[in-house]
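Worksheet for the structure shown next.
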Amino acid sequence: MNYQSILEEIYEEIQPEMSKGKVADYIPALASVEKEQFAMSVTLADGVQYSVGEASKRFSIQSISKVFTFSLALKIYSKELYKRVGVEPSGNPFNSLVQLEYENGIPRNPFINAGALVVTDALVSHYGDEYTTLEAILSFVRRLTGEPGICFDAGVARSEMDHGDRNLALAHLMKSFGNYENSVKATVKTYFKQCAIEMSTEELSRAFLYLAFGGKDPISGEEFVSSSKAKRINAVMLTCGHYDASGEFAFHVGLPGKSGVGGGIAAVVPGEMSIAVWSPGLNRYGNSHAGTIALELFTDKTGRSIF
Ligand code: GLU
């Protein structure tokens, strides 16, 4: 299959979509990102990459980071982690407090903010403090990509902290239920830094290859998570990876994936490849508008979907 020409066709077809959607503005540092940008990369098992658009330009990965922290925490805690966070879709906005109150401080899944905060808190308990935790998260991402220069944008992290009342409230609420172990302020800061990690679509699609191949990097042979954990991470991405539009994403695209409010989406075709797409204009669910359409075009044109 000629992936390069398929990506080029998609790039042509999504041009009219790039001006649509709305850049995330609840994080002031992200509000100034120019909307009409697009990049898409595909990485195959042997590491060969195909890309279109601004594929080497780094952007804020935001909630896509939740896949990396979930992977790390599952590796450390295994089933124990599920005592603190579930695996069901929430049917509520990603930063909702309501369900958390009803469900005694146990978040529905690791991809809504409350769940991701618990996961980061569990990592801080394991690594000892927020600095070693952040180093562990960065080193995981750097090992996945082979790119030692990957880092977070301190300005974006600070901007999130300045407007972080809702996330702080989620963490405090969980602490009141006994489902939070460390300092709320320190862990929420770490969570914002992880969200502010910057990667390009080339790097993101490379990073996700382990999830397309049962937890093991097909190039280096390094196992990042066991195959049974990779299966579970992919299942949670499919059912919970796109906020309140996870069903729609499964319906239109048909791949496990995770999006972030920076406009990125990373997805995997199990056994074949990983894909990353970026376009900052978001649809009403907070997923990249052009990015979602591009992925739908990709699975339609290639017939590569899990269904
Ligand atoms: N850092 C963002 C927040 O906590 C992540 C949002 C997202 O990408 O879903 O609000």
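Of Ala186, Ala55, Ala157, the residue with the greatest mean-square motion in the GNM of the chain, using alpha carbon springs below 10 Å, is Ala186. Using the average count of surrounding beta-carbon atoms within 10 Å as a protection proxy, the listed peptides 165-178, 111-124 rank, highest first, as 111-124, 165-178.
Among 218-228, 253-263, the peptide with the highest mean count of other Cβ atoms within 10 Å heads the list, and the full ranking is 253-263, 218-228.
Projected label points at Glu80 and Asp46, each 7 Å from Cα along the beta carbon direction, are separated by 4.3 nanometres. Please say if the chain is rounded, prolate or oblate, where rounded means a/c under 1.5 for a ≥ b ≥ c the square roots of the C-alpha gyration tensor eigenvalues, and otherwise the choice is prolate for a/b larger than b/c and oblate otherwise? Note, shape of the chain comes out prolate.
May I ask for the percentage of alpha-carbon pairs in the stretch 143-202 that lie more than 14 Å from each other?
Details: 1059 of 1770 pairs.
Roughly 60 percent, rounded to a whole number.
Of the accessible area of the chain, computed with a 1.4 Å probe over protein heavy atoms only, carbon and sulfur atoms account for 51 percent. Would you mind classifying the stretch 124-282 by shape? Square roots of the alpha carbon gyration tensor eigenvalues, ordered a ≥ b ≥ c; an a/c under 1.5 is rounded, otherwise it is prolate if a/b is larger than b/c and oblate if not. The shape class here is prolate.
Only Cα pairs under 8 Å and 6+ residues apart enter the sum, and on that basis the relative contact order of the stretch 164-245 stands at 15 percent. Net charge of the neighbourhood of Thr145, taken over other residues with C-beta under 13 Å away and scored Lys/Arg +1, Asp/Glu -1, is -2.
Here the relative contact order of the stretch 20-67, from alpha carbon pairs under 8 Å that lie six or more residues apart, stands at 23 percent.
Cross-link pairs exceeding 23 Å between alpha carbons, from the set Lys216/Lys301; Lys35/Lys231; Lys79/Lys175; Lys83/Lys231; Lys193/Lys229; Lys35/Lys57: Lys216/Lys301; Lys35/Lys231; Lys193/Lys229.
Give me the net charge of Gly47's neighbourhood, meaning all other residues with Cβ under 12 Å from the Cβ of Gly47; Lys, Arg count +1, Asp, Glu -1.
-2
Only Cα pairs under 8 Å and 6+ residues apart enter the sum, and on that basis the relative contact order of the chain stands at 28 percent.
Solvent exposure of the chain, expressed per residue, is 38 Å² of accessible area, with all protein chains present and a 1.4 angstrom probe.
The values are calculated or read from the model by the stated rules, or taken from the named source; none is laboratory data. Please read all numbers here as calculations on a predicted model, not as lab measurements. Because the Cβ atoms are built from the backbone with ideal geometry, glycine has one as well, and the counts that use them run over all protein chains shown. What goes into the accessible areas is simple: the full protein's heavy atoms, side chains included, and nothing from ligands, DNA or RNA. Shrake-Rupley method; radii C 1.70, N 1.55, O 1.52, S 1.80 Å.
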